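Trainee: To start, I am sharing the structure in question, which I have written as structure tokens.
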Amino acid sequence: VGSAIRAKLEQALSPQVLELRNESSGHAVPPGSETHFRVAVVSSRFEGLNPLQRHRLVHAALAEELAGPVHALAIQARTPAQWRDNPNLDIMVTRYRRPCQVNKHLLSA
Amino acid sequence: MSGSLGRASAALLHLGRGVLLRGPALRTRSSGPGGSGLASREHLDALVKKDKVVVFLKGTPQQPQCGFSNAVVQILRLHGVTSYAAYDVLEDPDLRQGIKDYSNWPTIPQVYLNGEFVGGCDILLQMHQNGDLVEELKKLGIRSALLDANTDQDSK
């Protein structure tokens, strides 16, 4: 799943920076799961787009994954200029002890 | 409008289940027990416009069932926004799928300000960090509590 996400984002957005993190282990899912991801994308395609539109581009590229195995996707979308201003990726901790019912609803994301 | 009002209205809408159901178009991927008028576009449209601040969560503000939903609740709390309508999508699979179709957004939580879809957890967090949220709340006539806590504002 992770490699598919990477490949599709590469293809759709030609990112300068693409960082993908599988954060599934922080959630109540079986070991080795690929359900919760965080992605940081730096791409010139985001120029002139508001955050909502940027996220929609990422969602569109990953429609298949989001409709299937991927339960949660945190997105940071920056333009190259924004990346130069702040070349750090946020790592917001979303680990959460409560089960987020991923097992039950795995197929309905 | 109080949070309890929001919940009361959510309950009212539950009573109206099925009344506004227009067809299966919005419910192709869910077959919740009994169907639900909450999933119709008209109904969701009314729902998100009924209160100034509307959120769709996994769980409740008191007991979020997911880290992202929890983050949304905490951000609103930081800004002193206590009166908002919160709907728990785990209560209703039709609502869960319906709101995703309505906003064309694949994940929960979802935040609506003044009837307009704002985004999910990441975007709300970003708006919180860059000050946009304070401005957007001001447009709704809500004064962010962070404006009053000017000493240690947003130390995150």
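The values are calculated or read from the model by the stated rules, or taken from the named source; none is laboratory data. None of the values given here were measured: they were computed from a predicted structure. Glycine gets a Cβ as well: all are built from the backbone with ideal geometry, and neighbour counts include every protein chain shown. These area figures cover heavy atoms from the full protein model, side chains too; ligands, DNA and RNA do not enter into them. Shrake-Rupley method; radii C 1.70, N 1.55, O 1.52, S 1.80 Å.
Trainee: How many nm is it between the label spots at residue A:47 and residue A:22, if each spot is 7 Å from the Cα in line with the beta carbon?
Mentor: With each label point 7 Å from Cα toward Cβ, the separation is 3.6 nm.
Trainee: Right, another one. Using each residue's phi in region A:73-81, evaluate 6.51 cos²θ - 1.76 cosθ + 1.60 at θ = phi - 60° and report the 3J(HN,Hα) Karplus result to the nearest Hz, with x for Gly and Pro.
Mentor: Couplings: 9, 8, 10, 10, 10, 10, 7, x, 5 Hz.
Trainee: A further question on this structure: Using the structure shown, select from B:100/B:139; B:52/B:139; B:49/B:100; B:100/B:138 the pairs with a Cα to Cα distance greater than 19 angstrom. Mind showing how you got there, number by number?
Mentor: Values: B:100/B:139 26 Å; B:52/B:139 10 Å; B:49/B:100 16 Å; B:100/B:138 27 Å.
From the list (B:100/B:139; B:52/B:139; B:49/B:100; B:100/B:138), the Cα-Cα distance tops 19 Å for B:100/B:139; B:100/B:138.
Trainee: Next question. Using only protein heavy atoms and a 1.4 Å probe, how much accessible area in total is buried between B and A, to the nearest 100 Å²? Write down the numbers at each step before the final one.
Mentor: Working: alone 8320 and 6620 Å², together 12700 Å².
Summing both sides, the interface buries roughly 2200 Å².
Trainee: Could I ask something else about it? Quick one: accessible surface of residue B:96, probe radius 1.4 Å, all protein chains present, in square angstrom to the nearest 10.
Mentor: 10
Trainee: So, one more: Students sometimes get this wrong: rank B:105, A:83 by accessible area, probe 1.4 Å, all chains present, largest first. Walk me through the numbers before you get to the answer.
Mentor: On the way: B:105 10, A:83 50 Å².
The ranking, largest first, comes out as A:83, B:105.
Trainee: On to the next question. Taking a probe of 1.4 angstrom, what is the accessible area of residue B:41 in Å², to the nearest 10?
Mentor: About 100 Å², rounded to the nearest 10.
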